[in-house]
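The structure appears below as structure tokens.
Derivation of every value follows stated rules applied to the coordinates shown; laboratory data play no part. Just so we're clear, the structure is a prediction, and the values are computed from it rather than from any experiment. Note that each Cβ is placed from the backbone with ideal geometry, even for glycine, and that neighbours are counted across all protein chains shown.
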Amino acid sequence: MTQTTAWPHSGSTQFSGTGETLVRVQDAHKVYTRGSERIDVLQGVNLDVPRGDFLALMGPSGSGKTTLLNILAGLDRPTQGAVDVGGDRIDSMSEGQLARWRSRHVGFVFQLYNLLPTLTAERNVELPLLLTPLSSGDRKRHVATALAVVGLADRGKHYPRQLSGGQEQRVAIARAIVGDPTLLLCDEPTGDLDRKSEEEILDLLQALNSDHGKTIIMVTHNPHAAARARRIVYLNKGLLQQEPIQ
Amino acid sequence: MKFLPLIWSNLRRKRVRTIFTLLSILVAFLLFGYLVAVRNAFEIGVQIAGVDRLVTTDKVSIVVALPLSYTDRIAQVPGVTDVAYATWFGGIYQDPKNFFAQMAVNPERYLRLYPEFRIPADQKKAWFADRTGAICGRYLANRFHWKIGDRIPIQATVWPKKDGSSSWEFTLDGIYDGAEKTTDTTQFLFHWKYLDESRSRRAGTVNWYIIRIASPAEAPQVADRIDAVFANSDNETKTSTEKAFMQGFAKQVGDIGAIITAILGVVFFVILLVAGNTMMQSVRERITELAVLKTLGYPNGLILALVLAESLVLAALGGALGLGLAWLLISRGDPTNGMLPIFVMPWWSGPTGALFIVLLGLATGTLPALQAMRLRVVQALRRG
């Protein structure tokens, strides 16, 4: 279902070179307190993700996968440790700096798609571009390209309620990639889909990685989905390990 | 502008709720526009009152007649430059609901005192020469489709004729226009002499005097001098500026300004709660969507502005429609058939309405906008 489409330059910052480490997490800790209870969600995570990688992050519920993903997306900050993405120390950025950084460098795909129900597919995909100085015509061109990449060029005028779950997730992926982000973060992107749609989404993510060179980090419970990644790491009780959890 | 589709789509999310909120704002601004016109109608007499005109009535009440002989005595008071007089006729034209002011006056002097009544010279001349002649304002002529030369019968309620009949007939000799939009063109004026010669009682009296003074700054002193002339007489007088006279007249109905301000205060307070609740609910319903926008990189300030813009658009739409509808209704004219002769939307109601729209938008949007701005993405997504 995926198509190979030439990607237009949106003007976003690109990290030079190939094979260099794009994401570096050093000794990341995340502690929550609930009343008097202390919860150590991440306990010294170290992770390097090279540019162009497709990494699957697996682990049981409560292992800290989503917390780590949120930290990588600049939605949350580690209690301790350093997070460097493409040379930016995002753990020390202010909220405003993080928002700007996210808009330039991160595409986020949610399990439940999270499209705005009152906007058409086109308008949903356009949302990140509204933060850029692109003209209306340029925005339209980028949106059309992104929808073509996910195979929904003919569904631009449809509202989310008029699309299937798989199509909705593809629109969400188009929204995530329309700004040509450095890093694509996916939180259980196939968790709410049937088998056929799941395959389509995984095909699409693989194509984005192999054909368009997107660096992808995907949180998943699903070994079948994880198998599509180039690399799998496991998170268990706040610690990363290379081997599956027994 | 590029965010407008996003703002608009949020307003269309719950159409029924948005329409009801819009309607409630519309009604509030319709009431605002309409009641401002009512208030203006009551106060216009005060606003347009001549600064160089005084009014003298009986000290007890305006309905107590004063002798005509006061004319010359008033004219001799230092500071007085001209004197006219009037008597209230209070008749009925065809139907009691066709109310309008009818006054018996001394024509030449009266028109000298009211230069804002613009009447062609030939019509003026004809009226001066015609004992049973009358003139009326343009609004009144249009209202009853009168034209010059028409015979206008009016049934007296206060002044029966000497022969016992109550039927008075006048010839319309002229139609005056107002120098300003706010000039009262609903009056019907005829010769005091015609009234005085034919009425069965109280001959040689008038209800009030209108006095021009040389210097508006000396109004209190001149008024005191006039009243001093008639002190300890059978008919002591009370002289005030025309403005004060009009104020007293309007106050007889009640403090219209305060009543209308109170009504509008309550209406806007209720609307504040209704529209504020709608906005709060609207933001609560899309916590996840707001969190998604933040995930995409929408900064806090922009989130705040988007929610505020939404409430401002809602207020602007409802307010503009309400004010527009009020203008349409008001432009159809006095709804009371003559009780409110100058029924217009004052110029300041537009800018004031716009200010209220902005204040309403800000007041209803600020709290939900702050709530949206302070949203923690991670918690909001977990909740969603």
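Worth a mention:
- For B:K59, the aspartates and glutamates whose Cα comes closer than 16 Å to its Cα, not counting residues fewer than 8 places off in the same chain, are B:D224, B:D227, B:D234, B:E236, B:E242.
- Segment B:108-141 residues near the modelled B:W347 label - backbone nitrogen below 20 Å, point 7 Å along Cα→Cβ: B:116-117
- Placing dummy labels 7 Å off each Cα toward the beta-carbon, the span from B:A228 to B:S200 is 4.3 nm.
- Here the relative contact order of chain A, from alpha carbon pairs under 8 Å that lie six or more residues apart, stands at 30 percent.
- Spacing of the two label points (7 Å from each Cα toward its C-beta) at B:T132 and A:A82, in nm: 11.1 nm
- Computed Rg/Rh of chain B, alpha carbon atoms with Kirkwood Rh: 1.18
- In terms of its Cα atoms, segment A:137-196 spans 36, 28, 16 Å along the principal axes, sorted from long to short.
- In the frame of its principal axes, the protein assembly as shown has Cα extents of 121, 51, 38 Å, reported largest first.
- Note on segment B:60-235: Kirkwood hydrodynamic radius from all Cα pairs is 17.2 Å, rounded to one decimal.
- Neighbourhood net charge (11 Å Cβ-Cβ; Lys/Arg +1, Asp/Glu -1) for A:S197: -4
- Nearest-0.05 FRET efficiency for B:A214 and B:D150, computed from C-beta distance (R0 41 Å): 0.55
- Taking a Cβ cut-off of under 13 Å around A:T79, the surrounding Lys, Arg, Asp and Glu residues balance to a net charge of -1, with basic ones at +1 and acidic ones at -1.
- For chain A, the spread of Cα positions along the three principal axes, ordered from largest to smallest, is 51, 40, 38 Å.
- Potential lengthening of the chain between B:S61 and B:K193 amounts to 45.2 nm, from the contour at 0.36 nm per residue minus the alpha-carbon distance.
- Highest GNM mean-square fluctuation among A:Y234, A:Y32, A:Y159, for chain A modelled with Cα contacts below 10 Å: A:Y32.
- For segment A:29-241, size of Cβ-based charge dipole, Lys and Arg +1, Asp and Glu -1, in debye: 240 debye
- Local electrostatic count, B:V158, Cβ distance below 13 Å [Lys/Arg +1, Asp/Glu -1]: +4
- Residue among B:W347, B:W208, B:W88 with the largest mean-square fluctuation in a Gaussian network model of chain B, springs linking Cα atoms under 10 Å: B:W347
- In range of the label at B:S166: residues from segment B:60-91 whose backbone nitrogen is under 18 Å from the point 7 Å along Cα→Cβ: B:88-91
- Residues of type lysines that A:K30 reaches as a straight line, Cα spacing below 17 Å, ignoring anything fewer than 8 places off in the same chain: A:K65, A:K237
- Cα gyration tensor category, rounded, prolate or oblate, for segment B:138-211 with a/c compared to 1.5: oblate
- Shape category assigned to segment B:270-350 from the gyration tensor of Cα positions, a/c cut at 1.5: prolate
- Put in line by how crowded their Cβ is, counting other Cβ atoms within 10 Å and starting with the fewest, A:M58, A:M218 read A:M58, A:M218.
- Calculated log₁₀ intensity ratio I(q)/I(0) where the Debye formula runs over C-alpha points of segment A:25-163, q = 0.12, 0.17 Å⁻¹: -0.65, -1.06
- Listed residues B:M373, B:M279, B:M103, most fluctuating in chain B (Gaussian network, C-alpha, under 10 Å): B:M373
- Convex hull volume of segment A:72-133 per residue (C-alpha atoms, cubic angstrom): 113 Å³
- One way to sum up the overall shape of segment A:127-238 is the equivalent ellipsoid from its Cα gyration tensor, whose semi-axes run 26, 17, 12 Å, largest first.
- Legend: calculated FRET efficiency, A:S136 to B:R13, from the Cβ-Cβ distance at R0 = 22 Å, rounded to 0.05, equals 0.40.
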